[in-house]
Number of protein chains: 2
Amino acid sequence: MDERAIAILGGTGDQGLGLALRFAKAGRPVVIGSRKPERAVEAAEKVRAAVPGSDVVGLENADAAARAPIVILSVPFEHCAGTLKDIRARLASGQVLVSMAVPLATAVGDAATRMLGVWQGSCAELLAALAPEGVEVVSAFQNVSAHRLQALAEPVDCDVVVSGAQAARRRVMDLCGLVPGLRGVDGGPLANARIVEAITALLIGLNARYKVAEGLGIRLTGLPGA
Amino acid sequence: MDERAIAILGGTGDQGLGLALRFAKAGRPVVIGSRKPERAVEAAEKVRAAVPGSDVVGLENADAAARAPIVILSVPFEHCAGTLKDIRARLASGQVLVSMAVPLATAVGDAATRMLGVWQGSCAELLAALAPEGVEVVSAFQNVSAHRLQALAEPVDCDVVVSGAQAARRRVMDLCGLVPGLRGVDGGPLANARIVEAITALLIGLNARYKVAEGLGIRLTGLPGA
């Protein structure tokens, strides 16, 4: 396993592809995962075309998950638990699994401006309940616009509130620093994902009311050292 | 009723007093309400001392509520329903009642970084269920630091996500414009208060982790015209 690699499962979707582009641009090896390996290969080609010389491969999800110390789960909420079950046997103690999906009510045919109630409290906590022992789940990246991630020439201008166990969340906060305009913010324990995930639904409504196709972001004001 | 007046019930508390100071400084007549009229009178004196020449009076809550077209309910969550019941008979159709409390778990002895589940979904929706017909409840101001409101020499640097029925929320968004550094943002329907209220619990945790005594704020990035 390459210690600098970042795996992105569902890296063929808009937000996952955006992260893949940004991490590749930052010079990190990227492993794109997909349920269908040929789609992952295709997405990897897209990234290599946009970021010449980048080290990006496409693999089936479980193969991808075994290839990086940090595995970002970038599939829609309704596929998160199933994907984790599919890759579970390939995860090893010490790996960090990043939850970035949001339980939007679209999963049951309702609006993206509304949330589903998740028994465990959030998508991140649902995944934590299913993750193998020693694999820390960290919540991050929910509020970052896919469009802005993909616009490689521009900084993203968004804070990423990162929550989870302390050492693991530090590692993910560091990842944020690889992307111009993203700032990792210490979001405390994983249960705070309940709030951070919901902010996405609020942003989706704001995007519609203000007709911001590129997607809004959030910033915390008054942070020391900012 | 003075059409320019703003009533602040619980205006003796930190955040209510902060809003009273800011609206008085903006030249608006302010009516401070409290359960105990002598405490309201005392708070009004404080505001007049800080903002010489300002038009500020202190009254018992129900008397204060009858004196302004916009009534801001700035009491702790656990006293919101009771206060509304106390003033209900004095509210008239066309008034706007602003919900700014947050169902923090402190109401039941747990931490301020966690939320209570409210049957109606949020404090604002609870109040909407109890408000007299024709009185619109609007959710706003939850995420604004009391400390920064009270520091009159400095701009506040925070967006206020305002949700509720459209005409009423426009009126409250306009109020935000009276305070330097506050910006009213169109937060859509009242149910979005569920998310905005929860952001306060997240900010309280961030304030502690980053040791920001003055309190953090939030900004939306990418808003048109910003």
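The values are calculated or read from the model by the stated rules, or taken from the named source; none is laboratory data. The structure displayed is predicted, hence computed values, not measured ones. Cβ: placed from backbone, ideal geometry, glycine included. Neighbour counts: every protein chain shown. Note: accessible area is taken over every heavy atom of the protein model, side chains too, but ligands, DNA and RNA are not part of it. Shrake-Rupley method; radii C 1.70, N 1.55, O 1.52, S 1.80 Å.
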>> For a quick check of your reading: which helices (runs of 4 or more DSSP H) sit entirely within the stretch B:10-125 and have at least 2 residues that are under 17 Å from the mean Cα position of the chain (by Cα), touching a residue at least 60 places away in the same chain (Cβ under 8 Å) and surrounded by 16 or more Cβ atoms within 10 Å (Cβ to Cβ)?
In response: B:14-25, B:77-87
> Name the residues in the stretch B:205-221 that are among the small types (Gly, Ala, Ser) and open to solvent by less than 10 Å² (accessible area, probe 1.4 Å), would you?
Replying inline: B:205, B:215, B:217
> In this structure, is residue A:161 farther than 20 Å from residue B:216 by Cβ, facing chain B (nearest Cβ under 8 Å) and not in a helix (DSSP H, G or I)?
Replying inline: no
> Residue check, residue B:147 against (1) within 9 Å of another protein chain (Cβ to nearest Cβ); (2) part of a helix (DSSP H, G or I); (3) farther than 20 Å from residue B:99 by Cβ, all met but one. Which one?
Replying inline: (1)
>> Looking at the stretch B:166-193 only, could you name the residues that are in contact with a helix residue (DSSP H, G or I) (Cβ under 9 Å, 6 or more places away or on another chain), open to solvent by 10 Å² or more (accessible area, probe 1.4 Å) and more than 7 Å from chain A (Cβ to nearest Cβ)?
In response: B:169, B:178, B:180, B:181, B:182, B:183, B:184, B:189, B:190, B:191
> What residue, of A:194, A:169, is among the basic types (Lys, Arg), under 30 Å from residue B:189 (Cα atoms) and in contact (Cβ under 8 Å) with a residue 12 or more places away in the chain?
Replying inline: A:194
>> Please go through (1) facing another protein chain (nearest Cβ under 9 Å); (2) open to solvent by 40 Å² or more (accessible area, probe 1.4 Å); (3) modelled with pLDDT of 95 or more for residue B:224 and return the number of the only condition it doesn't satisfy.
In response: (3)
>> Looking at (1) among the hydrophobic types (A, V, I, L, M, F, W, C); (2) under 26 Å from residue A:28 (Cα atoms); (3) assigned to a helix (DSSP H, G or I), which one does residue A:206 not meet, given that it meets all the others?
In response: (2)
> Scanning for something over 15 Å from the mean Cα position of the chain (by Cα) and in a loop (DSSP other than H, G, I, E, B), does the stretch A:170-177 turn up at least one residue?
Replying inline: no
>> Among the residues of the stretch B:141-148, are any out of contact with any helix residue (DSSP H, G or I) (no Cβ under 8 Å at 6 or more places or on another chain) and surrounded by fewer than 23 Cβ atoms within 10 Å (Cβ to Cβ)?
In response: no
